[in-house]
1. As an exercise: evaluate T104 against (1) more than 19 Å from V21 (Cα to Cα); (2) surrounded by fewer than 13 Cβ atoms within 10 Å (Cβ to Cβ); (3) of a type in the set (S, T, Y) and give the number of the one condition it does not meet.
2. Report whether or not F119 is among the aromatic types (F, W, Y) and touching a strand residue (DSSP E or B) at 6+ places or on another chain (Cβ under 8 Å).
3. I need the full set of residues from the stretch 20-30 which are crowded, with 18+ Cβ neighbours inside 10 Å and either modelled with pLDDT of 95 or more or of a type outside the set (A, V, I, L, M, F, W, C) (or both), in order please.
4. Working only within the stretch 24-46, note down all residues that are touching a residue at least 40 places away in the same chain (Cβ under 8 Å) and under 13 Å from F14 (Cα atoms).
5. Residues of the stretch 47-63 being surrounded by fewer than 11 Cβ atoms within 10 Å (Cβ to Cβ) and either over 17 Å from D26 (Cα atoms) or in contact (Cβ under 8 Å) with a residue 24 or more places away in the chain (or both), which ones?
6. Exactly one of (1) crowded, with 20+ Cβ neighbours inside 10 Å; (2) assigned to a loop (DSSP other than H, G, I, E, B) is unmet by M33. Its number?
7. Which residue, of A10, A5, A28, A71, is closer than 15 Å to A110 by Cβ and in contact with a Gly (Cβ under 8 Å, 6 or more places away or on another chain)?
8. Quick one: in the stretch 107-126, of everything that is in contact with a Ser or Thr (Cβ under 6 Å, 6 or more places away or on another chain) and among the polar types (S, T, N, Q), which residue is surrounded by the fewest Cβ atoms within 10 Å (Cβ to Cβ)?
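The values are calculated or read from the model by the stated rules, or taken from the named source; none is laboratory data. The structure presented is a predicted model; accordingly, all values stated were derived computationally and were not measured. Cβ: placed from backbone, ideal geometry, glycine included. Neighbour counts: every protein chain shown.
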Amino acid sequence: MSRYALDTSAYGAFRRQDPRVITLIDEASWIGMPSIVLGELFAGFANGTRTRQNQDLLQSFLAHPVVETLAVDESVASIYSELLTALRQQGTPIPTNDIWIAATAIRHAAPLVTSDQHFHRVIRLASIVLPPTP
(Lines give C-alpha, C1' and ligand atoms only; values in the text may rest on other atoms or scores of the structure.)
Protein backbone atom coordinates (compact mmCIF):
# COMPACT_ATOMS: atom_id res chain seq x y z
CA MET A 1 0.00 0.00 0.00
CA SER A 2 1.14 3.52 -0.77
CA ARG A 3 0.62 7.14 0.21
CA TYR A 4 -0.12 9.84 -2.35
CA ALA A 5 -1.06 13.49 -2.44
CA LEU A 6 -3.27 14.56 -5.34
CA ASP A 7 -2.85 17.65 -7.47
CA THR A 8 -5.90 19.26 -9.05
CA SER A 9 -5.11 17.60 -12.38
CA ALA A 10 -4.96 14.17 -10.73
CA TYR A 11 -8.35 14.63 -9.07
CA GLY A 12 -9.73 15.68 -12.46
CA ALA A 13 -8.23 12.56 -14.06
CA PHE A 14 -9.82 10.46 -11.31
CA ARG A 15 -13.22 12.01 -12.03
CA ARG A 16 -12.73 11.27 -15.76
CA GLN A 17 -12.07 7.62 -14.81
CA ASP A 18 -8.43 7.66 -15.94
CA PRO A 19 -7.35 4.07 -15.21
CA ARG A 20 -3.85 5.15 -14.15
CA VAL A 21 -5.21 7.34 -11.37
CA ILE A 22 -7.96 4.87 -10.44
CA THR A 23 -5.31 2.17 -9.92
CA LEU A 24 -3.13 4.43 -7.74
CA ILE A 25 -6.08 5.48 -5.61
CA ASP A 26 -7.44 1.93 -5.28
CA GLU A 27 -4.07 0.70 -4.03
CA ALA A 28 -3.41 3.62 -1.68
CA SER A 29 -3.49 3.31 2.07
CA TRP A 30 -3.61 7.12 2.37
CA ILE A 31 -4.56 9.96 0.02
CA GLY A 32 -3.78 13.55 0.92
CA MET A 33 -5.80 16.41 -0.56
CA PRO A 34 -3.95 19.70 -0.10
CA SER A 35 -6.27 22.53 0.88
CA ILE A 36 -4.88 24.57 -2.04
CA VAL A 37 -6.17 21.85 -4.41
CA LEU A 38 -9.59 22.14 -2.78
CA GLY A 39 -9.55 25.88 -3.40
CA GLU A 40 -8.71 25.34 -7.06
CA LEU A 41 -11.48 22.77 -7.38
CA PHE A 42 -14.09 24.95 -5.67
CA ALA A 43 -13.16 27.86 -7.96
CA GLY A 44 -13.51 25.62 -11.00
CA PHE A 45 -16.85 24.30 -9.79
CA ALA A 46 -18.15 27.84 -9.20
CA ASN A 47 -17.37 28.73 -12.80
CA GLY A 48 -18.99 25.61 -14.21
CA THR A 49 -22.52 24.49 -14.92
CA ARG A 50 -22.62 21.56 -12.46
CA THR A 51 -21.45 23.30 -9.28
CA ARG A 52 -23.60 21.36 -6.80
CA GLN A 53 -22.99 17.98 -8.45
CA ASN A 54 -19.22 18.52 -8.49
CA GLN A 55 -19.21 19.70 -4.87
CA ASP A 56 -21.20 16.62 -3.81
CA LEU A 57 -18.81 14.28 -5.65
CA LEU A 58 -15.83 15.97 -4.00
CA GLN A 59 -17.41 15.76 -0.54
CA SER A 60 -18.07 12.06 -1.09
CA PHE A 61 -14.43 11.56 -2.09
CA LEU A 62 -13.17 13.52 0.94
CA ALA A 63 -15.37 11.43 3.25
CA HIS A 64 -13.58 8.21 2.26
CA PRO A 65 -11.61 6.82 5.25
CA VAL A 66 -8.22 6.89 3.47
CA VAL A 67 -8.58 10.52 2.34
CA GLU A 68 -7.24 13.33 4.52
CA THR A 69 -7.51 17.06 3.87
CA LEU A 70 -4.07 18.65 4.29
CA ALA A 71 -4.01 22.16 5.75
CA VAL A 72 -1.31 24.74 5.31
CA ASP A 73 0.52 24.96 8.62
CA GLU A 74 3.78 26.55 9.77
CA SER A 75 5.81 23.60 8.52
CA VAL A 76 4.23 23.80 5.05
CA ALA A 77 4.85 27.57 5.01
CA SER A 78 8.54 27.03 5.81
CA ILE A 79 8.89 24.44 3.04
CA TYR A 80 7.09 26.79 0.64
CA SER A 81 9.68 29.46 1.39
CA GLU A 82 12.54 27.05 0.66
CA LEU A 83 10.96 25.89 -2.60
CA LEU A 84 10.15 29.39 -3.81
CA THR A 85 13.71 30.54 -3.11
CA ALA A 86 15.24 27.52 -4.86
CA LEU A 87 12.99 27.89 -7.92
CA ARG A 88 13.85 31.58 -8.20
CA GLN A 89 17.57 30.86 -7.89
CA GLN A 90 17.29 28.19 -10.60
CA GLY A 91 15.35 30.59 -12.80
CA THR A 92 12.57 28.01 -13.11
CA PRO A 93 9.44 29.47 -11.54
CA ILE A 94 6.18 27.56 -11.43
CA PRO A 95 2.68 28.79 -10.49
CA THR A 96 2.43 29.92 -6.85
CA ASN A 97 -0.43 27.54 -6.02
CA ASP A 98 1.68 24.64 -7.29
CA ILE A 99 4.51 25.60 -4.94
CA TRP A 100 2.05 25.46 -2.04
CA ILE A 101 0.76 22.09 -3.25
CA ALA A 102 4.32 20.75 -3.53
CA ALA A 103 5.19 22.04 -0.06
CA THR A 104 2.15 20.30 1.38
CA ALA A 105 3.06 16.98 -0.29
CA ILE A 106 6.65 17.26 0.97
CA ARG A 107 5.46 18.05 4.51
CA HIS A 108 3.41 14.85 4.51
CA ALA A 109 6.12 12.75 2.81
CA ALA A 110 3.78 11.78 0.00
CA PRO A 111 4.54 11.64 -3.72
CA LEU A 112 2.39 14.09 -5.65
CA VAL A 113 0.24 12.64 -8.42
CA THR A 114 -0.15 15.20 -11.20
CA SER A 115 -0.15 15.73 -14.94
CA ASP A 116 1.93 18.92 -14.69
CA GLN A 117 5.51 18.40 -15.87
CA HIS A 118 6.84 21.45 -14.03
CA PHE A 119 6.66 19.62 -10.70
CA HIS A 120 9.86 17.82 -11.75
CA ARG A 121 11.67 21.14 -11.10
CA VAL A 122 10.75 21.13 -7.41
CA ILE A 123 13.54 20.03 -5.10
CA ARG A 124 12.68 17.41 -2.48
CA LEU A 125 9.38 16.54 -4.19
CA ALA A 126 8.67 13.00 -5.26
CA SER A 127 6.14 13.24 -8.05
CA ILE A 128 4.29 10.88 -10.30
CA VAL A 129 3.71 12.84 -13.48
CA LEU A 130 1.07 11.25 -15.66
CA PRO A 131 1.74 11.46 -19.36
CA PRO A 132 -1.01 13.00 -21.47
CA THR A 133 -3.79 10.63 -22.38
CA PRO A 134 -3.74 9.63 -26.06
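1. If we test T104 against (1) more than 19 Å from V21 (Cα to Cα); (2) surrounded by fewer than 13 Cβ atoms within 10 Å (Cβ to Cβ); (3) of a type in the set (S, T, Y), just (2) comes out false.
2. Yes.
3. Once the filter is applied, which keeps residues that are crowded, with 18+ Cβ neighbours inside 10 Å and either modelled with pLDDT of 95 or more or of a type outside the set (A, V, I, L, M, F, W, C) (or both), the stretch 20-30 yields only A28.
4. Of everything in the stretch 24-46, just one residue is touching a residue at least 40 places away in the same chain (Cβ under 8 Å) and under 13 Å from F14 (Cα atoms), namely L24.
5. Passing the criteria: N47, G48, T49, R50, R52, Q59.
6. It fails just one condition, (2).
7. From the options A10, A5, A28, A71, the qualifying one is A5.
8. Once the filter is applied, the top-ranked residue is S115.
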